[in-house]
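Each remark here refers to the structure printed beneath this line.
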Amino acid sequence: MNGPGTYLYAVARPFDEGLLADVRGIGGGELRLLGQEGLTFVVSTVDLGEFAPGLLNKNLEDLNWLERVAREHDSVVQAVAGVTSAVPLRLGTVYCDDESALRRLAGLRPAALATLDVLTGREEWGVKLYAVPTRPPAEVGAAAQPGSGLDYLRQRRAALDRRTLEARAAADEADAVFERLRDIAVLARRHRPQDPVLSGVKHPMLLNAAFLIDRDRVATFQAAVAALADEHPEGAVVLTGPWPAYSFATLDDA
Amino acid sequence: MTETLDVATSMRQTSLVDLLDRVLATGVVLAGDVTLSLAGVDLVTVHLRALITTVREDPT
């Protein structure tokens, strides 16, 4: 499949297109507003070939392609969210033409307006909690050498019990951090923890959460995160944001 | 110096993973007969495969 396609970044209430004059879309494409009846898509024209199903799977495995498209997509969504409330769409949402996209927009109206109401005046913040040890693990050789098979089994059992307890404590800790911050948030959700291989952080991730925060409570939220950081080993609590409200973009009627 | 570079690389990688968490796993999925959305793609697998490939290729 080749030729031009319409790439969708976000849904918003109508706004002055000129505010996005300095922002470019995927592959440098010019941004356009595509709207009707108090609702607009932010779109740009892309080459359908790049997003055709067969080639897309190949492109997605090319991290350079994926990173470029993810950053281009994000920079548009960020720019829109900087101007007005925006419901971000999933990366890679492409329609064959503007008319098809507009037809889809009509059906989204009630859900989109409801979500925009929820997101107005709020922003997303991310908090990650890592299991950073407070002290180095005991030397392997320091434990008493087992004198018998029975001793060996006892030691092994004790080590397994200790690990189970530690895992339970870590899960409780993640729940506690999540609950404390959820009290300040309008909405909260937990993403899947990131794999250390992918994140490049050697400590296991216990919590990968997103919070939707009222703009006038952001300072309170940041102070709560700073307090949690003080209670944990250095580097255990990581704050990211503000993000466009990616984690809270839903159009239930869609 | 090496440590600074490692930290910078790690930060960049982390922020990319944070970004992919969002743009690949959140955001509204629009169904429709003309959309070419990635909704049908197993994104977790794609995401893992792409990044693991990169980690393996990393000369350090």
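Does A:T120 qualify as being surrounded by fewer than 16 Cβ atoms within 10 Å (Cβ to Cβ) and of a type in the set (V, I, T)? Even if it seems obvious, please write down each step before you answer.
On the way: surrounded by fewer than 16 Cβ atoms within 10 Å (Cβ to Cβ): yes; of a type in the set (V, I, T): yes.
Criteria met by A:T120.
For region A:194-231, give me each residue that is hydroxyl-bearing (S, T, Y) and modelled with pLDDT under 95.
Residues of region A:194-231 hydroxyl-bearing (S, T, Y): A:199, A:220.
Once the filter is applied, which keeps residues that are hydroxyl-bearing (S, T, Y) and modelled with pLDDT under 95, region A:194-231 yields only A:S199.
Tell me, please, whether a residue that is open to solvent by 70 Å² or more (accessible area, probe 1.4 Å), more than 12 Å from the chain's Cα centre (by Cα) and at pLDDT 95 or above can be found in region A:232-241.
Step one: of region A:232-241, the residues open to solvent by 70 Å² or more (accessible area, probe 1.4 Å) are A:234.
Right, trim to more than 12 Å from the chain's Cα centre (by Cα) and you get A:234.
Now restrict to residues that are at pLDDT 95 or above: none.
Checking region A:232-241: not a single residue is open to solvent by 70 Å² or more (accessible area, probe 1.4 Å), more than 12 Å from the chain's Cα centre (by Cα) and at pLDDT 95 or above.
Identify all residues within region A:17-49 that are more than 10 Å from chain B (Cβ to nearest Cβ), without any contact (Cβ under 8 Å) to a residue 60 or more places away in the chain and not in a strand (DSSP E or B); write none if there are none.
Listed by number, the residues that qualify are A:E17, A:G18, A:A21, A:D22, A:V23, A:G25, A:I26, A:G27, A:G28, A:G29, A:G49.
Only one residue in A:V201, A:V186, A:V197, A:V218 is buried (at least 17 other Cβ atoms within 10 Å of the Cβ) and outside the structural domain of A:V11 (by TED's automatic domain parsing), so which one is that? Walk me through it before giving the result.
Values: A:V186 fails: buried (at least 17 other Cβ atoms within 10 Å of the Cβ); A:V197 fails: buried (at least 17 other Cβ atoms within 10 Å of the Cβ); A:V218 fails: buried (at least 17 other Cβ atoms within 10 Å of the Cβ).
Only one candidate passes the filter, namely A:V201.
Identify the residue in region A:76-135 that is of a type in the set (S, T, Y) and outside any helix (DSSP H, G or I) and, among all such residues, is modelled with the lowest pLDDT. Even if it seems obvious, please write down each step before you answer.
At the first step, the residues of region A:76-135 found to be of a type in the set (S, T, Y) are A:84-85, A:93, A:95, A:100, A:115, A:120, A:130, A:134.
Still in the list and also outside any helix (DSSP H, G or I): A:84-85, A:93, A:95, A:120, A:130, A:134.
Values: A:T84: 95, A:S85: 94, A:T93: 85, A:Y95: 85, A:T120: 95, A:Y130: 95, A:T134: 76.
Out of the qualifying residues, it is A:T134.
Report yes if some residue within region A:27-42 is open to solvent by less than 10 Å² (accessible area, probe 1.4 Å), over 24 Å from A:G121 (Cα atoms) and assigned by TED's automatic domain parsing to the domain that holds A:V94; otherwise report no.
Step one: filter region A:27-42 for residues open to solvent by less than 10 Å² (accessible area, probe 1.4 Å), giving A:39-42.
Retained after the next criterion (residues that are over 24 Å from A:G121 (Cα atoms)): none.
Checked against the condition, which is being open to solvent by less than 10 Å² (accessible area, probe 1.4 Å), over 24 Å from A:G121 (Cα atoms) and assigned by TED's automatic domain parsing to the domain that holds A:V94, region A:27-42 yields no hits at all.
Residues of region A:174-224 being away from chain B (no Cβ under 14 Å), under 12 Å from A:G126 (Cα atoms) and of a type in the set (G, A, S), which ones?
Of everything in region A:174-224, just one residue is away from chain B (no Cβ under 14 Å), under 12 Å from A:G126 (Cα atoms) and of a type in the set (G, A, S), namely A:A185.
The values are calculated or read from the model by the stated rules, or taken from the named source; none is laboratory data. Computed from a prediction, not measured in an experiment: that's the story for all the values here. Counting neighbours? That spans all protein chains shown, and the Cβs are built from the backbone with ideal geometry, glycine included. Just so you know, the surface numbers come from the protein's heavy atoms only, side chains and all, with ligands and any DNA or RNA stripped out. Shrake-Rupley method; radii C 1.70, N 1.55, O 1.52, S 1.80 Å.
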